[in-house]
Amino acid sequence: MELTINAQTKISQLLEVDRDLVIRTLVGLNKKFSRLKNPLLRNLLVKRVSIADACKISKTELSDFMWSMKQIGFKVTADTSVENDIAERTVSFQEPLDYLELDVRPVLAQDKDPLKEILAAIKKLEEGQGLKLVNTFEPLPLIHLLADKGFSFRLEHPEPNLVVTYFSKAGSIADETVTTPLTAPAADNDQFDRLLKRFDEHRITFLDVRQLEMPKPMLTILEQTPNLVAGSALFVYHKKIPVYLLPELEKQGLTYVFKTIGPADINMLIYKK
């Protein structure tokens, strides 16, 4: 393997080299890495999580992680320093008027991922309100995810195996729901139809996420987008404009347009120019 890794290497970069071998090796190192077997969680989160982050979340020694990767052929640099960009986000934290509290420890106790509940809580936030998240570890993947949405945070460790994370966002959560779609390149129906005709039918993948519960629509779409190349498109049947998905598509260099069919009925075309 030619990839040289350090503490800041993203987990996604390791998986791109040999996903099955890396996951198998990491699960052998620490069973907490078995969550990497879930394709939906893997696609959404691992591109934000560094090796240092993963070690902190799973309580794995960085040296042990690097040794295990070296055994399967990765080159490891001597530099194991950890950049702390999280500290900058903590400094920028502004205390909201009040908090919506969410304790995800019961979900974690069932060996389930609480992302669905967390995203649902984020949607419920009112103007001037923040999220108080109670769990058993520092939620670094979530911190990275919400930082992209404009959230800052602060952490408290009141006792062992108890971490309270406070998320705050300047301005109104409702504002994002309204304004983000308005800034998107939404086409009118005629423009949408003309654009659709540019693609050969056999190069269009059709995906219906209208019956899926949050956050599965977003995760299901992100599972398909890595397959898009120039000349191909993903046609999505959706209930609404997926606000939180749009920044993820832009990061992948993808373009998207919408067509309103009726109430709770949106067509979305995603493609690479």
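No value in this document is a laboratory result; all are computed from the given coordinates. Because the structure is a prediction, the values reported are computed rather than measured. Virtual Cβ from ideal backbone geometry, glycine too; neighbours counted across all protein chains shown.
Within straight cross-link reach of K259, meaning Cα distance under 23 Å, which lysines are found once same-chain residues fewer than 8 apart are removed?
K197, K216, K239, K240, K251, K272, K273
Just want the answer: with Cβ charges of +1 for Lys and Arg and -1 for Asp and Glu, which residue in F137, P96, L119 is farthest toward the dipole's positive end in the range 85-173?
Projecting each Cα onto the dipole axis, the largest value belongs to L119.
Answer rounded, prolate or oblate for the range 118-166, using the Cα gyration tensor with square roots of eigenvalues a ≥ b ≥ c: rounded when a/c is under 1.5, else prolate when a/b is larger than b/c, else oblate.
It comes out prolate by the Cα gyration axes.
Need the C-alpha centroid separation for the range 138-170 versus the range 187-230, integer Å.
32 Å
Suppose each label sits 7 Å from its Cα in the direction of the beta carbon; what would the F137-Q211 distance come out to in nanometres?
Once both label points are built, they end up 3.5 nm from each other.
Using the Kirkwood radius over Cα pairs, work out the Stokes-Einstein diffusion coefficient for the range 185-271 at 4 °C and 1.567 mPa s, in µm²/s as a whole number.
Rounded to a whole number, D works out at 100 µm²/s.
List the equivalent ellipsoid semi-axes of the range 223-273 in whole Å, largest first, each obtained as the square root of 5λ for an eigenvalue λ of the Cα gyration tensor.
Equivalent ellipsoid semi-axes, largest first: 19, 12, 8 Å.
For the range 185-271, what is the percent of antiparallel DSSP beta bridges, rounded to the nearest 5?
70 percent
Starting at 0 and stepping by 10 Å, how many percent of the alpha carbon pairs of the range 85-173 end up in each bin?
It works out to 17, 55, 26, 2, in whole percents.
Two decimals is fine: what is log10 I(q)/I(0) at q = 0.17, 0.18, 0.20 Å⁻¹ for the range 4-76, from a Debye sum with one equal scatterer on every Cα and no solvent?
Values returned for q = 0.17, 0.18, 0.20 Å⁻¹ are -0.53, -0.60, -0.76.
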